Amino acid sequence: MDELYAYSERMVRAAIARLPDGRWSAEDVVEAVDGHLVVRATVEVEGEEIRIDFAGTAPQDRGNLNCPLSVTRSACYFVVRCLTEPDLPASGGAFAPVDVTAPEGCLVNARAPAAVVAGNTETSSRIVDVVFRAFGEAFPVPAQGQGTMNNLALGNERFTYYETIGGGQGACPDADGPSGVHVAMSNTLITPVEALELSYPLRVERWHLREGSGGHGARRGGDGVVRELRVLEDCRVSVLAERRARGPRGARGGADGAPGRTLIDGEEQPAKVTRQLRAGDVVRIETPGGGGFGTPRDSPVP
């Protein structure tokens, strides 16, 4: 175990040393119920080490969008691993060269008893986006992916059903983004239609790619998906999502991906919503597309 730790640390330090030294910043927002919350990150590369600091991030929220520092660190480690040695076996050694700090009491280093469930699913995705974007000031990184898990819960006293829904991945310098996948901080599979309809009072009305939702560019962002569920009993719905106000950002001249949408019987809903449904109501989730990379004129010649 000691050798595995040491090997991972050596490999990541060597990869960091190949990155340009410097200091860069970026920011984005989490779509809270009462308004947008800023997440700001400054990354610094010096020799074989990386420092990531979240000074300037909004104070912790009265809702459940907060992150404990451990979740913030995990999201940062994910980004560094993607940019250095993505195929390296996971161990603490891979994270030893990375220092992550955040002001106590801010959105990404919340104090107890702050609620954190949406921080684990949604704010963690925004941390990934912001840290990638900061590194993108220095060298090419992938465009932003859907940046949300599109958490959907339905239930009453008799049943409870929960799922997360994939979307578009951002394009990178040498490839289009994949469509209909989970991005960054999630990797769950969707429940098969047949199993869902046999087990729950739900009917899947639509389940297909959201064609054209990926951002254009030299490399195109992946498309999101459309998932439409009809409830067959009175129940309650809760949707916890992001990227409804603004789509994932493109990179190096690529266009942004389409924002996501949540609709109930055709009526537009905010990113976070909880309400009662009647039997026959339809919940429609249109997930965001990934951002494009590069301007179309930069496309490689076949």
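The values are calculated or read from the model by the stated rules, or taken from the named source; none is laboratory data. Since we're looking at a predicted model, the values are computed, not measured. Backbone-built Cβ (ideal geometry, glycine too); neighbour counts: all protein chains shown. Heavy atoms of the whole protein, side chains included, go into the accessibility calculation; ligands, DNA and RNA do not. Shrake-Rupley method; radii C 1.70, N 1.55, O 1.52, S 1.80 Å.
I'm trying to understand the selection: among the residues of the range 160-179, which are in a loop (DSSP other than H, G, I, E, B), without any contact (Cβ under 8 Å) to a residue 60 or more places away in the chain and open to solvent by less than 40 Å² (accessible area, probe 1.4 Å)? The answer is THR164, and nothing else. When every residue of the range 270-280 is checked against the conditions, at least one turns out to be over 27 Å from PHE132 (Cα atoms), β-branched (Val, Ile, Thr), open to solvent by 40 Å² or more (accessible area, probe 1.4 Å) and assigned to a strand (DSSP E or B).
Looking at the structure I just gave you, is GLU137 touching a residue at least 40 places away in the same chain (Cβ under 8 Å) and in contact with a Lys or Arg (Cβ under 6 Å, 6 or more places away or on another chain)? Against the criterion (touching a residue at least 40 places away in the same chain (Cβ under 8 Å) and in contact with a Lys or Arg (Cβ under 6 Å, 6 or more places away or on another chain)), GLU137 does not qualify.
Among the candidates GLY35, GLY56, the residue that is open to solvent by less than 60 Å² (accessible area, probe 1.4 Å) and free of Cβ contacts under 8 Å to residues at least 12 places away in the same chain is uniquely GLY35.
So, GLY254, is that one open to solvent by 10 Å² or more (accessible area, probe 1.4 Å), on the phi > 0 side of the Ramachandran plot and at pLDDT 95 or above or not? Criteria not met by GLY254. Step by step: first the residues of the range 13-27, then only those that are closer than 9 Å to ALA138 by Cα and assigned to a strand (DSSP E or B), then the one that is most open to solvent (accessible area, probe 1.4 Å). Which residue is that? Ranking the candidates gives ARG23 first.
Screening ARG206, ARG261, ARG236 for residues that are open to solvent by 60 Å² or more (accessible area, probe 1.4 Å), farther than 30 Å from PRO173 by Cα and touching an Asp or Glu at 6+ places or on another chain (Cβ under 7 Å) leaves exactly one candidate, ARG206. Filtering VAL100, VAL130 for residues that are touching a Cys at 6+ places or on another chain (Cβ under 7 Å) and either in a loop (DSSP other than H, G, I, E, B) or surrounded by 19 or more Cβ atoms within 10 Å (Cβ to Cβ) (or both) leaves a single hit, VAL100.
Among residues of the range 194-217 that are more than 28 Å from GLU157 (Cβ to Cβ), those with a beta-carbon under 7 Å from a residue that is surrounded by fewer than 17 Cβ atoms within 10 Å (Cβ to Cβ) and not charged (D, E, K, R) at least six positions away or on a different chain give the pairs HIS216/PRO296; GLY217/GLY253; GLY217/THR295; GLY217/PRO296.
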